[in-house]
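Here is the structure we will look at.
The values are calculated or read from the model by the stated rules, or taken from the named source; none is laboratory data. Because the structure is a prediction, the values reported are computed rather than measured. Cβ atoms come from the backbone with ideal geometry, glycine included; neighbour counts cover every protein chain shown. The accessibility values were calculated without ligands, DNA or RNA, using every heavy atom of the protein model including side chains. Shrake-Rupley method; radii C 1.70, N 1.55, O 1.52, S 1.80 Å.
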Amino acid sequence: MNLFKLSWKYLTFRPFSTGLNVLLLALGLAIIAVLLLMQDQLEKKMNQDAEGIDLVIGAKGSPLQLILSSVYHIDFPTGNISLNEAQSLTRNRLVKSTIPLALGDNYQGFRIVGTNLDYLELYQVDFESGTSWTQPFEVVIGAEAALKLGLKTGDEFMGSHGISEGSHDHDANYFKVKGILKPKGNVMDRLILTSIESVWYTHEEEEEEEGHESMLDTKVTLHGLPKIPGDDSKEITSLLVQYRNPMAAIQLPRFVNSRTNMQAASPTFEMSRLFELLGVGINMLKGLAFVLIGISGLGIFIALYNSLKERKYDLAILRAIGATRLQLLALIFLEGFILTFLGAVLGIIMGHGFLALLISQNQSGVMVSIQPWIFLKSELWIVAYALMVGILASVIPAIAAYQTSIAKQLTKA
Amino acid sequence: MLLSSKNLSFTYPGQKTLYFEDIQLKEKESLLVLGKSGSGKTTLLNLLAGLAKPEQGQIQIANQPFSDFTGQKLDLFRGRNIGIVFQKPHLLAPLSVLDNLRMANFFGKKKNDRLEQLLDELGLSARKNASVLTLSEGEAQRVSIARALANEPKLILADEPTSSLDDENTEKVIQLLKEQSSKIGAAMIIVTHDQRVKNQISNFMEVKAS
């Protein structure tokens with residue numbers, strides 16, 4: 001027998017009261033754990049996905065929507081811009097490099113992105129198998145998309161119109177898997193990448209239903225923008241831009257927004273605006289978590305204090321058989337400590353479990369790429385915070401135990 | 001002398017001071033402390049157990065100046081050398097019978113391999129892993145005697161140990177106390193006003209409220 005075992009016995013002697021307090025505390029801590037994990041990973045992912053993209057140029061509309069659709073591939077695109085206009089912008093002296101994107105199709109919920117090989121280089125992809133595309137209708141598939149769709153190099157599939165599942169199929173052309181990427185933990189994992197021309201041809205097929213063979217023979221643009229002299233009808237969805245110098249950050253967006261039919265949006269600016277908007281909700285959840293933790297602290301205090309009343313005899317007996325005042329103090333503190341430690345551990349497990357559940361409910365989107373079982377250093381703060389609650393809640397009961405007069409208690413009977 | 005007290009007195013706030021006769025007790029000796037309710041019997045026991053501090057006078061136990069001890073030293077000395085049996089058993093409810101005895105060993109910092117044998121001798125071996133909540137009054141009081149004996153103390157103090165027991169259990173409890181105390185060579189003081197106890201132990205002193 002020792003003090004630890006004794007306090008454990010006292011805790012398990014009142015299983016419901018102990019269980020309720022542990023659960024209350026764990027709930028509060030679980031909310032904090034989920035927020036910590038989501039904030040950490042989302043922010044990291046958001047920054048990682050937007051790295052190397054200074055500005056996104058697309059059709060006029062909501063700038064946030066443009067960023068979400070072109071950088072993170074979660075929202076609908078704002079519309080299309082003319083290839084010629086985009087072309088002229090690439091020659092601007094403030095622009096270092098550009099990557100074109102053509103969106104609008106999907107295969108079972110995974111977006112088909114028409115782009116060039118610069119886009120692959122931007123994210124420094126590695127191939128699990130196969131190589132990048134050289135012909136129209138050849139695609140490279142992100143690791144997660146390949147896994148979920150069960151596609152291998154050499155497989156063929158048919159895309160559907162629209163960027164979400166369930167729209168009508170393009171029945172004219174089969175995409176052919178040319179390569180599969182290694183998992184990188186970024187947006188590339190969930191994309192199906194192909195040349196811009198592939199996306200154009202799929203849509204043209206529908207209208208014309210002819211000249212099929214000739215199109216397959218054409219070369220695709222591997223770097224830079226496709227050049228089609230004399231054809232004004234070609235469009236792309238957006239253009240990812242890298243600045244040449246810091247001056248560009250001030251001049252280029254203003255130039256695009258005022259002088260052209262397109263709009264420019266900066267990922268960093270739009271994302272910080274988004275987080276500001278979400279901040280209200282996050283703060284409310286945090287507030288709720290702290291209220292829960294406060295209540296559980298109060299619950300632990302009341303449970304210890306009430307049990308102390310019943311246990312004054314026990315404490316006196318312990319003193320009579322040789323326990324010192326300090327040992328009684330330690331006994332009560334230990335109870336609060338064990339209680340909150342259990343709450344903290346349970347809370348962290350519940351937080352991760354809840355996140356895992358949340359992710360398993362979402363088949364696509366950003367949530368999918370969050371890892372629920374990564375443990376952060378800041379979670380140690382949750383434990384520290386919980387233990388602090390435990391110690392605070394046990395101060396008064398512990399002092400009361402310390403001051404128990406043995407003779408008075410024992411002779412009262 | 002195992003126990004000797006001199007000129008002990010104690011005052012409860014707002015009441016007359018209680019003066020106690022001197023006590024001299026050798027090993028294996030037993031002493032009954034008799035007196036009416038409120039005469040200060042239990043107070044004397046509390047003083048001898050170090051649960052209350054005498055206003056005046058000294059107590060020596062095993063040639064140690066017991067009444068001068070304070071704090072942790074006092075608690076540890078009490079745990080190791082004095083076994084106390086209370087009017088009610090006051091067992092620790094969350095623990096089993098055997099764990100209640102082990103607790104005494106833990107706080108007294110003593111090892112005792114004879115705990116199970118002790119329970120056997122008190123007729124409790126079948127209940128050693130039982131929760132103390134399931135014990136009868138007589139059984140519980142015997143467990144509390146076992147707890148008082150767990151550290152093989154030099155002095156056993158019992159405060160009305162038989163007041164809530166029937167005749168049969170009373171005789172059993174007193175017999176056990178006598179047997180076990182002589183076995184470990186301990187002196188014993190029993191505070192009581194129970195006639196049934198007086199029949200079994202002849203040596204007594206009387207406390208009068210004075």
| task | Please specify each residue of region A:135-144 satisfying the condition of being at pLDDT below 90 and either surrounded by fewer than 17 Cβ atoms within 10 Å (Cβ to Cβ) or assigned to a helix (DSSP H, G or I) (or both). | result | A:Gln135, A:Glu144
| said: Checking A:Ser258 against (1) farther than 30 Å from B:Met103 by Cα; (2) open to solvent by 40 Å² or more (accessible area, probe 1.4 Å); (3) not assigned by TED's automatic domain parsing to the domain that holds A:Leu147: exactly one of these is not met. Which one? | reply: (3)
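From the list B:Leu101, B:Leu115, B:Leu176, exactly one residue is more than 22 Å from A:Tyr313 (Cβ to Cβ), within 14 Å of another protein chain (Cβ to nearest Cβ) and of a type in the set (A, V, I, L, M, F, W, C). Which is it?
Working: B:Leu101 fails: more than 22 Å from A:Tyr313 (Cβ to Cβ); B:Leu176 fails: within 14 Å of another protein chain (Cβ to nearest Cβ).
Sole residue among the options that is more than 22 Å from A:Tyr313 (Cβ to Cβ), within 14 Å of another protein chain (Cβ to nearest Cβ) and of a type in the set (A, V, I, L, M, F, W, C): B:Leu115.
So, in region A:1-27, of the ones that are within 34 Å of the chain's Cα centre (by Cα) and more than 20 Å from A:Ala398 (Cβ to Cβ), which residue ends up surrounded by the most Cβ atoms within 10 Å (Cβ to Cβ)?
Narrowing region A:1-27 to residues within 34 Å of the chain's Cα centre (by Cα): A:19-27.
Filter once more, so that each one left must be more than 20 Å from A:Ala398 (Cβ to Cβ): A:19-20, A:23-24, A:26-27.
Values: A:Gly19: 13, A:Leu20: 15, A:Leu23: 17, A:Leu24: 21, A:Ala26: 26, A:Leu27: 20.
It comes out as A:Ala26.
Among the residues of region B:128-144, write down those that are surrounded by fewer than 15 Cβ atoms within 10 Å (Cβ to Cβ) and either within 13 Å of another protein chain (Cβ to nearest Cβ) or assigned to a loop (DSSP other than H, G, I, E, B) (or both).
We begin by selecting, within region B:128-144, every residue surrounded by fewer than 15 Cβ atoms within 10 Å (Cβ to Cβ); these are B:129, B:133-134, B:136-137.
Across region B:128-144, the qualifying residues are B:Asn129, B:Leu133, B:Ser136.
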| task | Could you check, for region B:21-41, whether at least one of its residues is closer than 22 Å to A:Ile317 by Cα, in contact with a Gly (Cβ under 9 Å, 6 or more places away or on another chain) and not in a loop (DSSP other than H, G, I, E, B)? | result | yes
| task | Within region A:164-189, track down each residue that is more than 17 Å from A:Gly114 (Cβ to Cβ) and modelled with pLDDT of 70 or more. | result | A:Ile180, A:Lys182, A:Pro183, A:Lys184, A:Gly185, A:Asn186, A:Asp189
| said: What's the number of the only condition in (1) within 14 Å of chain A (Cβ to nearest Cβ); (2) under 30 Å from B:Gly35 (Cβ atoms); (3) at pLDDT below 90 that B:Glu168 fails to meet? | reply: (1)
| task | Can you work out which of the residues in region A:1-34 that are under 30 Å from A:Ser378 (Cβ atoms) and of a type in the set (S, T, N, Q) is farthest from the other protein chains (Cβ to nearest Cβ)? | result | A:Asn21
| query | Within region A:64-75, can you find the residues that are at pLDDT 90 or above, more than 21 Å from A:Lys184 (Cα to Cα) and in contact with a Ser or Thr (Cβ under 8 Å, 6 or more places away or on another chain)? | reply | A:Gln65, A:Leu66
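Within region B:145-210, considering only strands (runs of 3 or more DSSP E) that don't extend past its boundaries, which have at least 3 residues that are within 15 Å of the chain's Cα centre (by Cα)?
Details: elements: B:155-159, B:187-191, B:204-206.
Per the criteria, B:155-159, B:187-191.
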| When region A:375-413 is examined, which residues are found to be of a type in the set (Gly, Ala, Ser), away from chain B (no Cβ under 14 Å) and open to solvent by 30 Å² or more (accessible area, probe 1.4 Å)? | A:Ser378, A:Ala384
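Results for (1) open to solvent by less than 30 Å² (accessible area, probe 1.4 Å); (2) within 9 Å of chain A (Cβ to nearest Cβ); (3) part of a loop (DSSP other than H, G, I, E, B), shown as yes or no for each residue.
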site	(1), (2), (3)
B:Leu76	no, yes, no
B:Gly79	yes, yes, no
B:His90	no, yes, yes
B:Ala93	yes, yes, yes
B:Asp120	no, no, no
B:Ala126	no, no, no
| Every residue from region A:280-336 that is facing another protein chain (nearest Cβ under 10 Å), surrounded by fewer than 17 Cβ atoms within 10 Å (Cβ to Cβ) and either free of Cβ contacts under 8 Å to residues at least 12 places away in the same chain or within 42 Å of the chain's Cα centre (by Cα) (or both) | A:Glu310
| request: Please name all residue pairs, on different chains or six or more residues apart, with Cβ atoms under 9 Å, provided the first residue is in region B:88-114 and is closer than 15 Å to B:Ala150 by Cα and the second residue is among the acidic types (Asp, Glu) and not in a helix (DSSP H, G or I). | output: B:Lys110/B:Glu152; B:Asn112/B:Glu152; B:Arg114/B:Glu152
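Does B:Asn46 satisfy being farther than 20 Å from A:Ala320 by Cβ and either out of contact with any Leu (no Cβ under 9 Å at 6 or more places or on another chain) or not in a strand (DSSP E or B) (or both)?
On the way: farther than 20 Å from A:Ala320 by Cβ: no; either out of contact with any Leu (no Cβ under 9 Å at 6 or more places or on another chain) or not in a strand (DSSP E or B) (or both): yes.
It is false that B:Asn46 is farther than 20 Å from A:Ala320 by Cβ and either out of contact with any Leu (no Cβ under 9 Å at 6 or more places or on another chain) or not in a strand (DSSP E or B) (or both).
For A:Gln65, state whether it is surrounded by fewer than 22 Cβ atoms within 10 Å (Cβ to Cβ) and within 23 Å of A:Tyr119 (Cα to Cα).
Values: surrounded by fewer than 22 Cβ atoms within 10 Å (Cβ to Cβ): yes; within 23 Å of A:Tyr119 (Cα to Cα): yes.
It is true that A:Gln65 is surrounded by fewer than 22 Cβ atoms within 10 Å (Cβ to Cβ) and within 23 Å of A:Tyr119 (Cα to Cα).
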